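We did not get these values from a lab; they are worked out from the coordinates using the rules stated. Because the structure is predicted, anything quoted here is derived from the model rather than measured. Cβ atoms come from the backbone with ideal geometry, glycine included; neighbour counts cover every protein chain shown.
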Amino acid sequence: MVFTSTFDIPGGSAPRHSDSTLRFLGADRPDVFLAGAGPAVDERYGDRAGGPPGEGSPEIITVARRTPA
C-alpha cells in the first residue's frame with residue numbers, strides 16, 4: 001500500500017509531502033517474531049468480527065500470551 005501525507009510545519013513556507021509504503025507480512029511471519037521474543041500465539045482472526053483467517057481476510061489479528069519464564 002502506497003500513500004502520501006501532506007502536513008504543515010509551523011513557520012514553514014509551504015506544505016510538506018511524505019510518500020510512504022506499507023508492506024504487509026504473511027500470517028506466519030508474526031509467529032516467527034513472537035517465538036523469538038517468547039510469547040505464544042493463542043488465537044488468530046481474519047477480521048475484527050472474529051472471522052477465520054484466510055486468503056480473502058482483510059486483517060491478520062494475532063492474540064498472543066506471555067509464556068512463563
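What is the helix-to-structure angle for 28-37, meaning the angle in degrees between its Cα long axis and the longest Cα principal axis of the chain, kept from 0 to 90 and rounded to the nearest 10? Roughly 80 degrees, rounded to the nearest 10.
Proximity of backbone amide H atoms, modeled 1.01 Å from N, is registered between Gly51 and Gly46 at under 5 Å, excluding neighbours fewer than 5 places apart on the same chain. Given the options Ala14, Ala35, Ala49, which has the most mean-square fluctuation in a GNM of the chain, springs set between C-alpha atoms less than 10 angstrom apart? Taking springs between Cα atoms under 10 Å, the residue moving most is Ala14.
The trypsin sites (Lys or Arg not before Pro) of the stretch 1-67 that meet both conditions, a loop assignment by DSSP and at most 13 other Cβ atoms within 10 Å of the site Cβ, are Arg23, Arg48, Arg66. Multiplying the residue separation of Leu22 and Glu43 by 0.36 nm and subtracting their alpha-carbon distance yields 5.1 nm. The chain gives an Rg/Rh value of 1.21, both radii derived from C-alpha positions and Rh following Kirkwood.
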